[in-house]
Amino acid sequence: MGLRDFIAKQFIDVIDWVEPEDGILAYRYPMQDREIQNGGKLTVRASQLAVFVNEGKLADAFGPGLYTLNTQTLPILTYLKNWDKAFQSPFKSDVYFFSSRIQTDQHWGTQNPITIRDKEFGAIRLRGFGIYSYHINDAKAFYTKISGTRDEYRVADLEGQLRNTIVARMTDAFAASQVPFLDMAANQAALGDKIKEAMNPAFADYGLELDTFVVENLSLPDELQKVLDQRISMNVLGDMGRYTQYQVAQSIPIAAANEGGGAVGIGAGLGAGVAIGQSMMDAIKQTSVASAPSATPAPASGAPSAETKYCQECGKPIPRSSKFCPECGKPQA
């Protein structure tokens, strides 16, 4: 290699960066003791930002475009180095590129349940998870507070910080929303917008813009979920009297099928079923009497009580020898 070639390699004429892969947020251009040629070209692509740093001090920032590096395009750097307006010599400065693309499919979640005060249930512990996306919109702030002088800063390096920030701000967002848990679960899209609004200042402080925030799931710990399920069941049941009658009716086939052993067991099972059925009919009759008019027809005369029985279905008096109820048509035991 000749002396001329060696000298030529000490100056940089073109500065640009092509992202080799996803996940890189900040990249330090390799200077390797070289200097930037006055009048050199800086290329910042549509999804990038660039920052010049001189002796540890932030100088000029550039958005997408093609720039010729001189005193007109580097006003702050010109001031820091005390150049006159006609400087011709090469200069030394660190150049950092930042990816301004939206970083999608970033996951957040509560590693441990967070405690909030709910309007309906009081203090509850809540778990949640979802996705969010963001991008760098202030390269100077990001360099100063996050990436610094590292040669490369990646999405994975920032993931833990953002996730913890989200969880910390979620508690404040839930408290400020005053929305009951049941309404939160039913309006997760609106809740995501509320949380995004609450977290925008924290992201902006890092030089980031929070683009989307999605709540995919909200849930209670298992023990609290069981209590909530019981409460929902009680509300669904409504009339406990009717529910009790239904439960009794459902238990008759079970009692009749009781495997007590042989004919004795079958008879005992049937007897238990009849007894349960009779208890159910007594409850029904009491309800019917309470709701019926006070004037009750007198029992038919001439029918001795020893010759009658009550239908197990509708409760009407029928001849004891009847196999079917003449009123409702149900078979009799």
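For Cα pairs less than 8 Å apart in space and 6+ apart in sequence, what is the mean separation divided by the residue count of region 33-131, i.e. the relative contact order in percent? Display every interim value, and only then the final one.
On the way: 148 pairs, mean separation 27.3, N = 99.
Dividing the mean separation by the residue count of region 33-131 yields 28 percent.
How big is D, in µm² s⁻¹, for region 86-156 by Stokes-Einstein at 25 °C and 0.890 mPa s if Rh is the Kirkwood radius over C-alpha pairs?
Reported coefficient: 149 µm²/s.
Mind running the shape call on region 71-121? Use the C-alpha gyration tensor, a ≥ b ≥ c as the square roots of the eigenvalues: rounded below 1.5 for a/c, prolate if a/b tops b/c, oblate otherwise.
Prolate, since a/c reaches 1.5 and a/b exceeds b/c.
On the first, second and third principal axes, largest extent first, how far apart are the outermost C-alpha atoms of region 116-187 in Å?
Principal-axis extents of the Cα atoms in region 116-187, largest first: 52, 19, 18 Å.
Can you spot the lysines whose alpha carbon is less than 26 Å from residue 81's alpha carbon? Ignore those fewer than 8 places along the same chain.
Excluding near neighbours in sequence, the set is 9, 41, 57, 92, 140, 145.
Taking the Cα-to-Cβ direction at residue 14 and at residue 123 and moving 7 Å from each Cα, how far apart do the two end points lie in nm?
6.5 nm
Hey, can you find the accessible area per residue of region 93-157 for me, probe 1.4 Å, expressed in square angstrom?
Accessible surface, normalised per residue, equals 49 Å².
Give me the orientation-averaged projected area of the Cα convex hull of region 35-94, in nm², one decimal. Let's see the in-between values first.
Values: hull surface 14.9 nm².
Its average projected convex-hull area is 3.7 nm².
For region 1-138, state what percent of all Cα-Cα pairs lands in each successive 5 Å bin, counting from 0 Å until the bin that includes the largest distance.
Each 5 Å bin holds this share of Cα pairs: 2, 8, 15, 16, 13, 10, 8, 6, 5, 5, 5, 3, 2, 1, 1, 0, 0.
I'd like the projected area of region 11-64, averaged over all directions, using the convex hull of its alpha carbons. Report it in nm² with one decimal.
Here the figure is 4.3 nm², rounded to one decimal.
The values are calculated or read from the model by the stated rules, or taken from the named source; none is laboratory data. Every value quoted in this text rests on a predicted model; they were computed, and no experiment measured them. FYI the Cβ positions are ideal-geometry reconstructions off the backbone, even for glycines, and counts take in every protein chain you see. Surface areas here come from the heavy atoms of the whole protein model, side chains and all, with no ligands, DNA or RNA. Shrake-Rupley method; radii C 1.70, N 1.55, O 1.52, S 1.80 Å.
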